[in-house]
Amino acid sequence: MAWNLLAKLSNGRWTMDDRRLKNHRPSSIVRRPSIWSVPVGLQLSVIYAALLALTLALLGAFLYIWLNGFLVNNTADRLTRGRDLALAQQTHRGGPHGFEPPGPPILSIADYTNFTRGLSGTDVAVTVVDAQGVVMASAQSAVSEIAPHASVLPTGWADTLMARKQGQWWVVSDKGGKRWVALVTPIGRILTQDDTQGPQVFLEQAASLDTADAVLNNMRLLLVLGTIVGAILGVIAGLALTRTVLRPLDKMVRTAEAIADGDLARRVQMPEGRNEIARLGATFDHMVNRLAAALEAQRRFVADASHELRTPLTSLQGLSEMLLMGADRGDSSTVQRTVRGMHNELGRMGRLVNDMLTLSRVDSTAPTSFVTIDASRLLAEIAEQMAPVAEARGLRLDLRCYGPVCVQAEPDRLKQVVLNLVDNALRYSPQGSAVQMSVALDPTTGQARIEVQDTGPGIAPEDLPHIFDRFYRGDLSRARATGNTGLGLAIARAIVETHGGAIEAHSSPGEGALFRVTLPAVSPPD
Amino acid sequence: MNVNEWQEQPDQERPISVLVVDDEPLIVEMLTMGLNYEGFKVSVATNGLEALDQAREVKPDLVVLDVMLPGIDGIEVCRRLRAQGDVGVLMLTARGELEDRVQGLDSGADDYLVKPFTFKELMARARAILRRRGINIQKALRMGDLILDRQTRRVTRGGRVIELTPREFDMLELFLTHPRQVFTRDVILNRVWGYDYLGDTNVIDVHIRHLREKLGDDSRSLIRSVRGVGYGLEPSSEAE
């Protein structure tokens, strides 16, 4: 896994065939059941399906409740319209049998019976009851046999209706559990045989909800089945879909495992794209590329360093052995030459060890004590310090500066950079020539520019891109002759980069070389 | 032991030829000095192409070949040397990682040495390669009627077997391989007792006395004393 790989790398215990890695893989840890053990595809599918089922169920419930309300209301409306129409007709008719406004009608039971007949239908039972629910008049029909009695109405219905002085409907259940809509309206009083007002009576219209319930039942069945089927289909489709989407992730996991086992040549190689998985794949590959490059650079550096150290060691060991075994045959000039060779090798090795230590210090410790310094003054110091060296080699060292140029730097390290460049220039300059140092402020970029220019043989174009690489020496024999360790420019670059600057070289063969360090300039301290 | 056996030696007039290929001048100088001293004929190349040219020209018995060479590297040189003809190859590598070793041997090298190495070890391996290839470094050393067999470590003089201690044998071998050369006591100590021997050089005088007694060299005409310098072998008047 990638994090495992990273952990290994940061521990610095990475080796290409580290078998211990295998035992540290999460997959071999005793597995406790957890959400992380369920494949992501299944997790997502189940979540999708559950959401789908929930949505369907909510929608169904909403639809069901709405339809139920619609059907019940519709039935109640039908009853209300029928009642109002009948009452209006009765009032319009007038006469002894009509309702006489204002005031409630007072009719005989026979008249009420007639009235109920006019209102009843195939699915509507109509009765006239008194406040106790006792039937006073009824339209005898098939439906009135099964219609619920007024006793199923909520208690106190008569008082409620009398208080409101208008009709109200309820959904009630009969003995068989079937639902009805019962519309009850206070309509008047009974005219008794002695022409006195009888008790208050109510018109009760009861319409069966059988048809509506049948529709609702069908619908409920359909909704439940639909939800279940939807959920199952959701899981199946979700699995297929997520599997397709997650297949690259699976590939990535297997690649990462292979890489963790040491195969750093493996890549995910996702097709180009802009979605998260394509980007993850590309980023992953990029990360492995960089890790591999870093490891390779590290490996090469160690190999180069060991080569660079072993070569002088071999010479030293061999040459000293020659003296010990008397291979000089007592010839003093041979002895002198051998010892001189050993001495030079020791010097070269000392410089090499020094440079390697410097480089590793620059690599491993970030500069901490940045101060604002005047680069002009620093270069003047170096010019003074190196002048005798230049003179000894028959060279001139010139310094050009145009006023103070301040930069943020660690003075010793920046000095090391310039010293390395000057040393390099002095090495390659022909006798009698001059090495030019200059420092200037580039007004357009606000950068300080430190330049060291020589008139030496220049740098071959094929070497130019590599001269800052560690241990890179274009012309080995010449480099050896000049005592170059191949690290001076690498050290310079490493230091300049920790200072947030850049170093570059310009040269063409025969024209000398120009090394330029650019650093962000700052305003001088007060 | 039949004396005639020694006459079947390969042509002792032609010294064994070694080609040294390395781009480090000091290592080349050191190897040239040492191999010359050990009695080899040494030629030198400092890069791959030069090595191949030299190999064609001098037909060396052994090539001491550095892996890291400018131009074509040692591995490739070795491969081409093998294609050119049969020659012993001893590779020198500054790396020594397993991968490089296998690659070096795959390319046809007989053996390899990881830098830094001691010259002693290089000689031991060079001799082993030459022996495996049937090229003997003078199995028997002789001077007059004195014969030293390196393989059986037996010394005879005029057919008479002389029993020598290992130190005495090594000393006599040193003298016989470098006739006429005068060795200082220090050099003898280094060569026979080893570099890490910290004893007195007087031990040499004692061993020389014993050696002379055993060889019947009473007149000191065989092992010569050079006053103020050391000892050396004087090819006798009865020379080859």
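Every number here is computed from the coordinates shown, using simple stated rules; none is lab data. This one's a predicted model, so the numbers in the text were calculated from it and none came from an experiment. Glycine also receives a Cβ, built like all others from the backbone with ideal geometry; neighbour counts cover every protein chain displayed.
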- Query: How big is the Cα convex hull of segment A:365-494 in projection, averaged over all directions, in nm²?
  - Reply: 8.7
- With a Förster distance of 22 angstrom and the Cβ-Cβ distance between A:Val38 and A:Val253, calculated FRET efficiency to the nearest 0.05 equals 0.90
- Task: Would you mind ranking A:Thr358, A:Thr368, A:Thr80, A:Thr314 by Cβ crowding within 10 Å, fewest neighbours first?
- Result: A:Thr368, A:Thr80, A:Thr358, A:Thr314
- For chain A, what's the relative contact order in percent, using C-alpha pairs closer than 8 Å and at least 6 residues apart? 11
- Item | Label zone at A:Ala110 (point 7 Å along Cα-to-Cβ), backbone N below 15 Å, segment A:187-214 | A:191-195
- Item | In Hz, Karplus ³J(HN,Hα) per residue of segment A:431-447 (6.51, -1.76, 1.60; θ = phi - 60°; x = Gly, Pro) | 4, x, 8, 10, 9, 9, 10, 8, 9, 8, 9, 7, x, 6, 9, x, 9
- Item | In sequence order, calculated HN-Hα J values of segment B:48-61 (Karplus, 6.51, -1.76, 1.60; Hz; x Gly/Pro) | x, 5, 4, 4, 5, 4, 4, 4, 5, 6, 8, 6, x, 7
- Note on the structure: Residues whose modelled amide H sits under 5 Å from the amide H of B:Ala94, counting only those 5 or more places away in sequence or on another chain, are B:Val67, B:Met68, B:Lys115
- Inter-part gap, Cα centre of segment A:341-376 to Cα centre of segment B:123-183, in whole angstrom, is 52
- Query: Taking a spot 7 Å from the Cα of A:Tyr64 along the direction of its beta carbon, which residues of segment A:219-250 have an amide N less than 14 Å from it?
  - Reply: A:219-228
- For segment A:120-182, how big is the tail of P(r) above 17 Å, as a whole percent of Cα pairs? 41
- Computed over all unlike Cα pairs, the Kirkwood hydrodynamic radius of segment B:85-225 in Å stands at 17.6
- If a/c stays under 1.5 just call it rounded; otherwise compare a/b with b/c (prolate if a/b is bigger, oblate if not). Do that for segment A:289-409, with a ≥ b ≥ c from the square roots of the Cα gyration tensor eigenvalues. oblate
- Message: Quick check on my link table: of A:Lys415/B:Lys115; B:Lys120/B:Lys214; B:Lys41/B:Lys115, which ones sit more than 31 Å apart, alpha carbon to alpha carbon?
- Response: A:Lys415/B:Lys115
- Mind checking which aspartates and glutamates have their C-alpha under 19 Å from A:Lys175, skipping anything on the same chain fewer than 8 residues away? A:Asp123, A:Glu145, A:Glu204, A:Asp210, A:Asp213
- Note on the structure: For chain A, the longest principal axis of the Cα atoms and the Cα long axis of helix A:40-93 enclose an angle in degrees, to the nearest 10, of 20
- Global form of chain B, assessed from the alpha-carbon gyration tensor, a/c cut-off 1.5: prolate
- Message: What does the net charge come to around A:Val171 if you take all other residues with beta carbon closer than 12 Å to its beta carbon, with K and R at +1 and D and E at -1?
- Response: 0
- The rounded separation in angstrom of the Cα centers of segment A:430-465 and segment A:104-156 is 117
- Message: Using the Karplus curve 6.51 cos²θ - 1.76 cosθ + 1.60 with θ = phi - 60°, what ³J(HN,Hα) values do you get for each residue of segment A:173-181, in whole Hz, with x for Gly and Pro?
- Response: 10, 8, 5, x, x, 7, 9, 9, 9
- Message: If I take R0 = 22 Å and measure r between the Cβ atoms of A:His506 and A:Ala380 in this structure, what FRET efficiency does the formula 1/(1 + (r/R0)^6) give, to the nearest 0.05?
- Response: 0.35
- Query: Once both labels are modelled 7 Å past Cα along the beta-carbon direction, what's the A:Ala142-B:Met123 spacing in nm?
  - Reply: 13.2
- Amide H within-cut-off set for B:Val20, under 5 Å, with H built and near neighbours excluded: B:Ser43, B:Val44, B:Ala45, B:Val64
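Take the alpha carbon atoms of the protein assembly as shown, find their radius of gyration, then divide it by 2.2 N^0.38 Å using N residues; give the quotient. Mind showing how you got there, number by number?
Working: Rg = 55.0 Å, N = 766, 2.2 N^0.38 = 27.4 Å.
Compared with the compact-globule rule of thumb, the protein assembly as shown sits at 2.01.
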- Amide H neighbours of A:Met270 at under 5 Å, excluding residues fewer than 5 places away on the same chain, with H built from the backbone geometry, are none
- Query: What length, rounded to one decimal in nm, is gained on full extension from A:Thr196 through to A:Thr80, with 0.36 nm per residue of separation minus their alpha-carbon distance?
  - Reply: 38.8 nm
- Paramagnetic reach from A:Asn275 in segment A:43-61 [backbone N under 19 Å; point 7 Å along Cα→Cβ]: A:43-49
- Compute the Cα gyration tensor for segment A:138-224, then decide on rounded, prolate or oblate, letting a ≥ b ≥ c be the square roots of its eigenvalues: rounded whenever a/c is under 1.5, prolate when a/b is larger than b/c in the other cases, and oblate in all that remain. prolate
- Message: Under the 0.36 nm per residue contour assumption, what length would be gained going from the current alpha-carbon distance of A:Ala460 and A:Val389 to full extension?
- Response: 22.9 nm
